[in-house]
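Right, one structure below, let's go through it.
The values are calculated or read from the model by the stated rules, or taken from the named source; none is laboratory data. Everything numeric in this text was worked out from a predicted model, so none of it was measured. Here the Cβ is made from the backbone with ideal geometry for all residues, glycine too, and neighbour counts use every protein chain on show. In case anyone asks, the SASA skips ligands and DNA or RNA and just uses the protein heavy atoms, side chains included. Shrake-Rupley method; radii C 1.70, N 1.55, O 1.52, S 1.80 Å.
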Amino acid sequence: KATTREVVAATKVQLDRVQEFIREGRLDVLPSDANQQCSICGTPIMRGRVCERCLVQMKVEETPSKPRKSAVEQGREKARIRAFENLRDKRDY
């Protein structure tokens, strides 16, 4: 039931470091005055920087509909297309 300031005094750890530990979820027991809020929606949270709902939403938006091709794969694909076009052009003559 200690406050953040009491934790700082008892542990000799700087206040900003204790607050960082709280944000990262590295403390098993939170100080009584530790009130974290989601960085996106402001909902009260116990640990981390983002609430579970916003975290799920970010993952949904982040998931690409189809995987991106690397530069090497794109180059190979372009080379195949050019080769196909060359073959097609030769047949047309």
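The table that follows gives values for the structure above.
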item	result
All positions within the stretch 21-55 that are at pLDDT 85 or above and acidic (Asp, Glu)	Glu52
Cβ-Cβ under 7 Å pairs, at least 6 apart or on other chains, the stretch 3-21 side in a loop (DSSP other than H, G, I, E, B), far side at pLDDT below 90 and open to solvent by 50 Å² or more (accessible area, probe 1.4 Å)	Thr3/Ser32; Thr3/Asp33
Residues of the stretch 30-45 that turn out to be more than 14 Å from Val18 (Cα to Cα), open to solvent by 100 Å² or more (accessible area, probe 1.4 Å) and either in contact (Cβ under 8 Å) with a residue 40 or more places away in the chain or in a loop (DSSP other than H, G, I, E, B) (or both), as a count	1
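This table checks each residue for (1) under 18 Å from the mean Cα position of the chain (by Cα); (2) among the basic types (Lys, Arg).
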site	(1), (2)
Lys12	no, yes
Asp16	no, no
Glu24	yes, no
Pro31	no, no
Ala34	no, no
Gln37	yes, no
Ile40	yes, no
Pro44	no, no
